[in-house]
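See below for the structure under consideration.
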Amino acid sequence: MDIKNIIIIGSGPAAWTAALYAARGELKPVVFTGVKSGGQRGGQLTTTFEVENFPGFPLGVTGPELIRLMEEQARKFNIEVYEEDVLEVDTTSYPYAVRGTSNNFFTKTVIIATGAYAKKMEIPGHTEFWGKGISACAVCDGALPFFRNQPLAVIGGGDSACEEASFLTKYASMVYMIVRKDHLRASKIMQERVKENPKIKIIFSHTIEKAMGGITLESILVKDVNSGETQKLAVRGLFYAIGHQPNSEIVKGKIELDATGYIKVKKGTTHTSLEGIFAAGDVSDKRYRQAITAAGMGCMSALDAEKWLSENSHKENILIEKS
């Protein structure tokens, strides 16, 4: 029976970096690029118009191009790539079984690098202006020249929304915070920070009805949830800050997740609660969520898996048959 050393699930910075390191470690990794629930090939980076904060690109690079280059570099080494979804990771026996839409394998280790996706609002104009004024990552896109010295808006009332609004004030002429409730859900320190910032105007008890513009976003229509009255705000950017959803469904109930679905890893490592299974990137990182940190975790996961394989070489020929 052909048993793989390592299977990597994902196609973002964490996955391709893990594949690169595993391949150079002569582990002959297998990469499945898709996962059944949520996300898209290449991850969230493929929706980022321009990346200016990834080292090595002084002139910047588009998200899709950065992913393409990462994949191209990984493919130069000895890896197998399957352009299909993973439907199941079976952890009831060892080696583990990974079942794709067309291919199934047994493997000694698994790296889950399936990422997360930003929750979006399917308002009128969302599709038209996505990437042309609408974004779900202020840290990724807020510093772009397109948004500088322009009025911007953030939708949300939690810590993430407050953080993104505060970040955007470095570049925007002003920032509207659109909050559906009559209060912020954020921690006290974050509430104080946005309330004391003269460049932030909080609009409570409102929601966004529509995004409008020409080639790019020019304004949004907001509605008072109590009175139903609407008003038009001239903004060049709209940032969703209503949370992220990790793509962890394929391992739900099999390894330990936190209350919001992120894979738990042992501090300072990429080890999950189950031996031989590792997690890297946004599927386990709800704090940083950056391409560079995902790539770093991809490196860590490959090195962790390589060490685990070395220390558990006695398990190489064990196959527990399913009952």
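Say whether the condition of being crowded, with 19+ Cβ neighbours inside 10 Å and of a type in the set (F, W, Y) is met by at least one residue in the stretch 23-46.
yes
Step by step: first the residues of the stretch 246-256, then only those that are outside any strand (DSSP E or B) and not β-branched (V, I, T), then the one that is surrounded by the fewest Cβ atoms within 10 Å (Cβ to Cβ). Which residue is that?
This residue is G253.
Table: residues versus (1) modelled with pLDDT under 95; (2) of a type in the set (G, A, S).
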| position | (1), (2) |
| --- | --- |
| M121 | yes, no |
| F146 | yes, no |
| S160 | yes, yes |
| M174 | no, no |
| I189 | yes, no |
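Any residue that is within 22 Å of the chain's Cα centre (by Cα), under 29 Å from I220 (Cβ atoms) and either in the same structural domain as G214 (by TED's automatic domain parsing) or of a type in the set (G, A, S) (or both) - is there at least one of those in the stretch 94-116?
The answer is yes; a qualifying residue exists.
Take the conditions under 17 Å from I155 (Cα atoms) and assigned to a helix (DSSP H, G or I) and apply them to M212. Does it pass?
no
Looking only at the stretch 137-153, how many residues end up being free of Cβ contacts under 8 Å to residues at least 60 places away in the same chain and not in a helix (DSSP H, G or I)?
Here the count works out to 2.
Cβ-Cβ distance below 6 Å, separation of 6 or more or different chains: which pairs start in the stretch 109-130 with a residue that is on the phi > 0 side of the Ramachandran plot and end on one that is charged (D, E, K, R)?
If the second residue must be charged (D, E, K, R), the pairs left are G115/D282; G125/K210.
Considering only residues of the stretch 154-193 that are outside any loop (DSSP other than H, G, I, E, B) and touching an Asp or Glu at 6+ places or on another chain (Cβ under 7 Å), which is nearest to L59 (Cα to Cα)?
Result: V154.
Hey, among the residues in the stretch 174-208 that are in contact (Cβ under 8 Å) with a residue 24 or more places away in the chain and loosely packed, with under 14 Cβ neighbours inside 10 Å, which one's farthest from G237 (Cα to Cα)?
Only one residue tops the list, namely S187.
Given (1) within 23 Å of the chain's Cα centre (by Cα); (2) crowded, with 21+ Cβ neighbours inside 10 Å, where does G243 come up short, assuming only one miss?
(2)
Give the residues of the stretch 257-285 that are surrounded by fewer than 24 Cβ atoms within 10 Å (Cβ to Cβ), of a type in the set (G, A, S) and in contact with a Phe, Trp or Tyr (Cβ under 9 Å, 6 or more places away or on another chain), sorted by residue number.
Within the stretch 257-285, just G276 meets the criteria.
Do you know which of the residues in the stretch 61-79 that are over 20 Å from the mean Cα position of the chain (by Cα) and surrounded by fewer than 15 Cβ atoms within 10 Å (Cβ to Cβ) is farthest from A22 (Cα to Cα)?
E72
Could you grab me the full set of residues in the stretch 24-79 that are modelled with pLDDT under 85 and part of a loop (DSSP other than H, G, I, E, B)?
The answer is K36, S37, G38, G39, Q40, R41, G42, T48, F49, E50, E52.
The values are calculated or read from the model by the stated rules, or taken from the named source; none is laboratory data. Everything numeric in this text was worked out from a predicted model, so none of it was measured. No Cβ is skipped: glycine too gets one built from the backbone with ideal geometry, and neighbour counts run over all protein chains shown.
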